[in-house]
Amino acid sequence: MSEFDTGLPSVRIIQTYINDKTEVELKLVSDDLIVGRIVWQDINCFCLVDQYEQPTLVWRQSLVYLKLKA
């Protein structure tokens, strides 16, 4: 298991999204699109909360892309 590197640009930008409560879109390898706010991240996962405050745990390896909600 590798260590969570908070110095990586990808980790820092996601931390900014968490702090600013920015709404994002996550596209998954299953072709699902999930919209919400990331509330935390770790080495393996993101926790995304949708408009109904329902949390969804998303494994990083299942992610195709993450972008700001347009």
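The values are calculated or read from the model by the stated rules, or taken from the named source; none is laboratory data. Here the structure is a predicted model, which is why all the values come from computation and not from measurement. Here the Cβ is made from the backbone with ideal geometry for all residues, glycine too, and neighbour counts use every protein chain on show.
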Counting only residues that are without any contact (Cβ under 8 Å) to a residue 40 or more places away in the chain and more than 11 Å from the chain's Cα centre (by Cα), segment 36-46 contains a total of 0
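Looking only at residues in segment 1-14 that are in a helix (DSSP H, G or I) and among the hydrophobic types (A, V, I, L, M, F, W, C), which one is surrounded by the fewest Cβ atoms within 10 Å (Cβ to Cβ)? Walk me through it before giving the result.
The first filter runs over segment 1-14 and keeps only residues in a helix (DSSP H, G or I), leaving 9-14.
Applying the additional criterion that residues be among the hydrophobic types (A, V, I, L, M, F, W, C) yields 11, 13-14.
Details: V11: 14, I13: 12, I14: 18.
The qualifying residue surrounded by the fewest Cβ atoms within 10 Å (Cβ to Cβ) is I13.
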Pairs returned, first residue in segment 47-70 that is farther than 16 Å from I18 by Cα and at pLDDT 95 or above, second residue that is loosely packed, with under 14 Cβ neighbours inside 10 Å and of a type outside the set (F, W, Y), beta-carbon separation under 6 angstrom, 6 or more apart or interchain, are S62/V29; V64/V29
